[in-house]
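Encoded as structure tokens, the structure appears first; notes follow it.
The values are calculated or read from the model by the stated rules, or taken from the named source; none is laboratory data. All values derive from a computational prediction rather than experimental measurement. All Cβ positions, glycine included, derive from the backbone under ideal geometry; neighbour counts span all protein chains shown. Surface areas here come from the heavy atoms of the whole protein model, side chains and all, with no ligands, DNA or RNA. Shrake-Rupley method; radii C 1.70, N 1.55, O 1.52, S 1.80 Å.
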Amino acid sequence: MDRYKWSFFVPAAVLVGALALRLADPPPTQALRNFTFDTFERLAPRPYVDAGVRVVDLDDQSLARLGQWPWPRTEVARLVDRLAKAGAAAIVFDIVFAEPDRTSPRNVLPIWRDIDGANVPDALLAGLPDHDAVLARTVAGTPTVLGIVLADQAQARPAPHWGVALAGKDVRPFLFTFGGAITNLPMLDAAAAGLGALNSAPDRDGVVRHVPLFFAMKGAASAAEGLYPALSAEALRVAQHGATYIVKGSGASGITAFGEDVGASSVVIGDFTVPTDDRARVTLYDTGSVAQRTIPAWQVLEPDFASARVAGTIVFIGTSAAGLADLRATPLRPIAPGVEIHAEIAEQIVSGAFLTRPNWMTGAELLWMLVLSGALLLALSRVGPFWSAILATAGIAAAFAVSWLAFRHLGLLADPVYPALTALALYLSQSLLHYLRSEHDRRYLRGAFGRYISPALLQQLVDDSSRLRLGGEMRDMSVLFCDIRGFTTLAETMDAGTLTRFVNSFLTPMTELVMKRSGTIDKYIGDCIMAFWNAPLPDAAHAENAVRTALDMLRALEGLNPTWRAEALAEGRRPADIAIGIGIATGACCVGNLGSEQRFDYSVLGDDVNLASRLEGQTKVFGLPIIISERTLKRLPGFATLELDLLRVKGKIEPRRIFAVLGDETVAAQPWFVQLAAEHQAMLTAFRARRWAEAAELAQRLGSSAVDATRALYTLYAERIERLCRADLPDDWDGVLVAESK
């Protein structure tokens, strides 16, 4: 199959795979979608607006003041009575009173009789007060909603306090379904104004993102009879004195389902129409903890409690105490009281602050995915890898931007994950095709030209075939030559194999030092290394990097010499310490593919290239390891340098100032070097002014007191001074040293 067919089939396969993945919606992509929506909610949580919903919290302080939970039902009755008299529109318990109060006298006395054998007449037991009855009498006649827990293992089916009208098709197949319920004591359920399910239905990761407003019961005689409301829904019904819910599904008025059963779409609770997903769930739009919403339970029972704090509000009663284990995770909080989740759902409904994902959203996302994919495919087929990456990134950003704007301004949960994954997959597939095409072209070029041009040029040609031409460009560069002193004599002590190993052991670490500081190896000339900086990649600090590399080479040599001495002794050769000379020059050079039409390499030409080579040779004359040009010196940040001479190299007319490098900024700051530099400059001044006696005295003193590296320099100057003071110098003598060799 040729490349054009692959260019069609690969993107087509990616699109088909993306569509199949979207329809399957596996857990990993669900987790990515949840993470995205959680992030949106953290960036823009629901602003708190007082919608008349309160939480009476059985917090740790309340338990410390009033005793451990469970409290006597008489205490609970007192709490209900206080809230009812304060004018609460609904009193809602996020608690199930499934067992009799063990603190009731009629429950406690039989225990005493069984333990101590106390004579407690049955007639006395019958006449004792029952705390549960007290609570039931208090609840009766108040707008109190009690909680129930739906569970498959439970058998009870509490009698409904509500009516349900279904609009459209039966929604029960889409709802969370249970076999029964854990209920309150029968007298309490009968006395309550409503019963609501406490189930929160967290996602796979344990985070509560959606709360169902309705649940289904197995084996119901009719669709309406098998529906049980959530605690928040029942709280709103009781607060409005309502009697019937309306649950809308497929086929209901105003519901567009395109002929399919799409489950629930909304629930009408009195004056409120609540949009839901197909499972009758409301998405939690969390505000986080809000102090204004919460009242500690102990404050409600205080004599001076201000009834205005709860008058006309829906009051949820629950606990934030960690020991009572009613804690949940939400997108905003890893630990949130379960009662606050119920309260927030009621708050969202009253204030109309919803995050919705309508039934048509999946179709809209698929359409958006196809439009985005088509635009990307059209663009990616016409641009290179760089712009392909830009376009793919833009496509992914667009998917998330549209999703964020829909969340922020419309309260819509539009999934950006699948469009983003599709854009990424298309980019990767196009990149793979581009890579395969490029590799095909590279193999062709290698096969066609590999026998005729250098490997270095071949790689450039493979990367950019337009570079298959002669020519270069002018750049300001620094060039370094490094050579081993006395290499010819050293080579005479080695056979060919030993010499090869030695040269390799020298060139390898020195090459690494060049490359470490962004240098380019031009060539090896026997034991000599030629390198340059500021090409092919720009290097603003090329002179500094070249000099630092030279200092690195000297330090590396200190570590290599012991190894070489040990090898020489082991092989029966005379050991010798290896020394090197390094010349560095900076200036305008021509760099590029240089050579002939038949063969050319990436190299550098120019006067300063020749100067660097000459300076390397002068290290033998001056007895110093590193010599640099004046232009190189001007680029250094205060290194330890000494002016050596005015040198006229062989083949040149104009003399050049040359300098020795003794170290970096640290050495330059040492007191001994500061003194050395001052006396050295004084010697040069006296020398060039023909004050021979003064110059000779300074050279002798410097030679006897200077560091080992410079003694040869001052010996040289002492000899020159002695020779020149006897010579018949012309009046225009300028102190220039003429190099007699390269």
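Determine whether PRO509 is loosely packed, with under 14 Cβ neighbours inside 10 Å, farther than 18 Å from ALA585 by Cβ and out of contact with any strand residue (DSSP E or B) (no Cβ under 6 Å at 6 or more places or on another chain).
In short, no.
May I ask you to say which residue of ALA86, ALA51 is under 22 Å from GLY196 (Cα atoms) and in contact with a helix residue (DSSP H, G or I) (Cβ under 7 Å, 6 or more places away or on another chain)?
Selected residue: ALA51, the only one of ALA86, ALA51 that is under 22 Å from GLY196 (Cα atoms) and in contact with a helix residue (DSSP H, G or I) (Cβ under 7 Å, 6 or more places away or on another chain).
As an exercise: evaluate ARG631 against (1) open to solvent by 50 Å² or more (accessible area, probe 1.4 Å); (2) out of contact with any helix residue (DSSP H, G or I) (no Cβ under 7 Å at 6 or more places or on another chain); (3) at pLDDT below 95 and give the number of the one condition it does not meet.
Condition not satisfied by ARG631: (3).
Among (1) among the aliphatic types (A, V, I, L, M); (2) touching a residue at least 24 places away in the same chain (Cβ under 8 Å); (3) surrounded by fewer than 16 Cβ atoms within 10 Å (Cβ to Cβ); (4) not in a loop (DSSP other than H, G, I, E, B), there is one condition VAL56 misses while meeting the rest; what is its number?
Evaluating VAL56 over (1) among the aliphatic types (A, V, I, L, M); (2) touching a residue at least 24 places away in the same chain (Cβ under 8 Å); (3) surrounded by fewer than 16 Cβ atoms within 10 Å (Cβ to Cβ); (4) not in a loop (DSSP other than H, G, I, E, B) leaves (3) as the failure.
Could you tell me whether GLY352 is open to solvent by 30 Å² or more (accessible area, probe 1.4 Å) and within 24 Å of ALA77 (Cβ to Cβ)?
Taking the combined requirement at face value, the residue does not satisfy it.
Filter region 165-192 for residues that are touching a residue at least 60 places away in the same chain (Cβ under 8 Å) and farther than 14 Å from PHE214 by Cα and give the result.
To start, the set of residues in region 165-192 that are touching a residue at least 60 places away in the same chain (Cβ under 8 Å) comprises 165-171, 173-176, 182-185, 188.
The answer is ALA167, GLY168, LYS169, ILE182, THR183, ASN184, LEU185, LEU188.
Restricted to region 309-368, and to residues that are part of a strand (DSSP E or B) and over 34 Å from the mean Cα position of the chain (by Cα), which residue is farthest from THR144 (Cα to Cα)? Walk me through it before giving the result.
First pass over region 309-368, keeping only residues part of a strand (DSSP E or B): 314-318, 327-329, 336-337, 356.
Pick out the ones that are also over 34 Å from the mean Cα position of the chain (by Cα) and you get 314-318.
Details: ILE314: 10, VAL315: 9, PHE316: 10, ILE317: 11, GLY318: 14 Å.
This residue is GLY318.
Please go through region 144-156 and give me each residue that is open to solvent by less than 30 Å² (accessible area, probe 1.4 Å) and of a type outside the set (S, T, N, Q), ordered by number. Before you say what the answer is, go through the steps one by one.
So the first thing to find is which residues in region 144-156 are open to solvent by less than 30 Å² (accessible area, probe 1.4 Å), and the list is 144-148, 150-151, 154.
Correct list: VAL145, LEU146, GLY147, ILE148, LEU150, ALA151, ALA154.
Looking only at region 639-658, how many residues end up being closer than 16 Å to ALA543 by Cβ and open to solvent by 20 Å² or more (accessible area, probe 1.4 Å)?
Total meeting the criteria: 3.
What are the residues in region 141-163 that are in a loop (DSSP other than H, G, I, E, B) and under 26 Å from LEU83 (Cα atoms), if any?
The answer is GLY141, THR142, PRO143, PRO158, ALA159, PRO160, HIS161, TRP162.
Does any residue of region 716-734 turn out to be within 25 Å of ARG614 (Cβ to Cβ) and within 60 Å of the chain's Cα centre (by Cα)?
No, because not a single residue in region 716-734 is within 25 Å of ARG614 (Cβ to Cβ) and within 60 Å of the chain's Cα centre (by Cα).
Run down LEU231, LEU236, LEU213 and say which single residue is at pLDDT 90 or above, crowded, with 24+ Cβ neighbours inside 10 Å and touching an Asp or Glu at 6+ places or on another chain (Cβ under 7 Å).
Of the residues listed, the single one that is at pLDDT 90 or above, crowded, with 24+ Cβ neighbours inside 10 Å and touching an Asp or Glu at 6+ places or on another chain (Cβ under 7 Å) is LEU231.
In region 542-555, is there at least one residue being farther than 18 Å from LEU662 by Cα and open to solvent by 70 Å² or more (accessible area, probe 1.4 Å)?
Pass one, region 542-555, residues farther than 18 Å from LEU662 by Cα: 542.
Adding the requirement that they be open to solvent by 70 Å² or more (accessible area, probe 1.4 Å) leaves none.
No, region 542-555 has no match at all.
Kindly establish whether GLN681 is farther than 26 Å from ARG555 by Cα, open to solvent by 20 Å² or more (accessible area, probe 1.4 Å) and without any contact (Cβ under 8 Å) to a residue 60 or more places away in the chain. Talk me through it step by step, then tell me what you get.
Details: farther than 26 Å from ARG555 by Cα: yes; open to solvent by 20 Å² or more (accessible area, probe 1.4 Å): yes; without any contact (Cβ under 8 Å) to a residue 60 or more places away in the chain: yes.
Taking the combined requirement at face value, the residue satisfies it.
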